[in-house]
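Structure first, commentary second.
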Amino acid sequence: NAVPVCIADAQSAGTLYAGYYDLGLWRTQDRGASWKMINPSLPGWNGFGGNASCVVADSARTGVLWAAIGESSKAPYMFRVYRSTDSGGSWGQISTGLPLTAFLYGLSMDRLSPVATRKLWVTANGALYYSTDDGGTWQPASTAGGLPTTGLFVTEVDRRNGNTIFVGGWAGLWRSIDGGLNWTKLSAGFDHSSVPGEIGGLNTVLHRVKWHGPQQILSDPLTPGKVWVTSYMEDTTEIASLHRGLYMSTNDGGSWSEVRRGPHYRGIAIDSLGRRAMLTSSPATTSGSNGPEIDATAGIEHGRSTNGLAWTWTPDPDHPDIRYPFGWAVYAGGTGQRWVGIPGYGFMRKPSAPVAVND
C-alpha cells in the first residue's frame, strides 16, 4: 500500500532520498541495498510517518537536503518545509512566510545560487513562493506579467541559468527569464483553467495530484535550452486543444512539440547520455490501483534517440516483480541506475549496464 511520491539523488556515496505519503522520508547510502527511515518528529505521526510531497538534495554540500512534509494528506493540510544538514539525522522547520495550512508541492533549488544562501522555489496551495536564504524565510513570487496566485504546483529552475524559472499547473505553464521578477505565459495548450480536474473545494483532494495540466517540468541534463513537460488530463475530458502527454521545447519554452500523446503521463527522466528516457503514466496516485481509468494507462515507457529530437518509444514489458502497470516519480542518471515509483507498491530500481554514446 505504499505511495512513492518523490526521489532525490545526493550524488554522494550512493545516497538517495525517497518520499512517500503516510511513510514519510527514507534514505539509502548504498544505492538502494538498504534503507533507513529519517522522518522529523511530527506530532501526528510520532516520528514514524508523514506525507512527503517533495525532497531536494544539495550535491554541493554533503548531507544538506530539504523536504516538504505534511501531518495530514487531506484538508486542512499541515505541510511544512524542513531542512537537514546531516543527511536526515536531524531536522529544522523552515517555513516562515509560508501559509500555515497549505499543501506544499514542487520544491526545487537553483543549482547556481550561492551555496550558503541557496535560492529555493515551492508552491503552497497553488501559489508560488521563493526563498533566498537556504529556505529560512519565504515570500510570495512576483505576479508581474499576470502570474496567477492559484493553480500552480510544479517548478523547475534551468540547470545552466538560475534566472530562468518555470512553474505550472492547471493555471498553465509560466516562465521567468529574470529570476522571477516578471513572468510570461507559454503555450496556451497547458492552460486547463476551464477544466482544472479533481481539485475539490478549497484544495481538499490535492494530495491525489489529479489536477489537469503540467505534472513535471524537467530541464534537460545534457542539452542547453531543452525542456520537458508532462501534462495530465483524464480521458473523460475531451478538449483537443489542451495538451495531454509529453512535450518538449528546444528553445527554453518558446515553442513546444508533442512527443507522446496520452491522458495520464506523470514523470519524465533523461539519463546522463541525453539519448535515453523513461516516461511514466498513472491515473492513480494514491495506494493500489484505484481509479476507473487504470486500464487505459501505459505504465512505463522507454525512449531512445540518436539525435535527441526524434524518439522511438516502447512500453516496458510485463514484469512479475512490478505488480501494478503504472508509475509516477521517476529518476535516471548520476548513480548509473534508473528508479521508478509504483503507486501501491513502492520504489523500484533497474540497474543499467554502461552503453556506448551512440546507443
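The values are calculated or read from the model by the stated rules, or taken from the named source; none is laboratory data. The structure presented is a predicted model; accordingly, all values stated were derived computationally and were not measured. Every residue, glycine as well, gets a Cβ built from its backbone with ideal geometry; the counts of neighbours run over all protein chains shown. Please note that ligands, DNA and RNA were not included when accessible areas were found on the heavy atoms of the full protein model with its side chains. Shrake-Rupley method; radii C 1.70, N 1.55, O 1.52, S 1.80 Å.
Side notes on the structure shown:
- In the condition set (1) within 22 Å of LEU98 (Cα to Cα); (2) open to solvent by 30 Å² or more (accessible area, probe 1.4 Å), ILE239 is compliant with all but (1).
- Matching residues in the stretch 180-197 - criterion: being within 19 Å of the chain's Cα centre (by Cα) and either among the small types (Gly, Ala, Ser) or closer than 19 Å to SER108 by Cβ (or both): PHE190, GLY197
- Every condition in (1) over 21 Å from LEU181 (Cα atoms); (2) open to solvent by 20 Å² or more (accessible area, probe 1.4 Å); (3) in contact with a Lys or Arg (Cβ under 7 Å, 6 or more places away or on another chain) holds for SER59 except the one numbered (3).
- Residue that is least open to solvent (accessible area, probe 1.4 Å) [pool: residues in the stretch 30-42 that are at pLDDT below 95 and hydrophobic (A, V, I, L, M, F, W, C)]: LEU42
- Cβ pairs under 7 Å, 6+ apart, first in the stretch 60-74 and in contact (Cβ under 8 Å) with a residue 12 or more places away in the chain, second charged (D, E, K, R) and surrounded by fewer than 15 Cβ atoms within 10 Å (Cβ to Cβ): GLY63/ASP86
- Of all residues making up the stretch 74-113, the number that are surrounded by 20 or more Cβ atoms within 10 Å (Cβ to Cβ), of a type in the set (Ser, Thr, Tyr) and more than 15 Å from PRO43 (Cβ to Cβ): 4
Here is a yes/no grid of residues against (1) of a type in the set (Val, Ile, Thr); (2) open to solvent by 20 Å² or more (accessible area, probe 1.4 Å); (3) in contact (Cβ under 8 Å) with a residue 12 or more places away in the chain:
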residue: THR143; (1), (2), (3): yes, yes, yes
residue: THR150; (1), (2), (3): yes, yes, yes
residue: PHE153; (1), (2), (3): no, no, yes
residue: ARG159; (1), (2), (3): no, yes, yes
residue: TRP170; (1), (2), (3): no, yes, yes
residue: ILE177; (1), (2), (3): yes, yes, yes
residue: GLY189; (1), (2), (3): no, no, yes
residue: SER194; (1), (2), (3): no, yes, yes
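- Those residues of the stretch 1-29 which are assigned to a loop (DSSP other than H, G, I, E, B), more than 17 Å from the chain's Cα centre (by Cα) and at pLDDT 90 or above, in sequence order: THR15, GLN29
- Selection from the stretch 31-77 of residues that are farther than 27 Å from ASP110 by Cβ and hydrophobic (A, V, I, L, M, F, W, C): ALA33, TRP35, MET37, LEU42, TRP45, PHE48, ALA75
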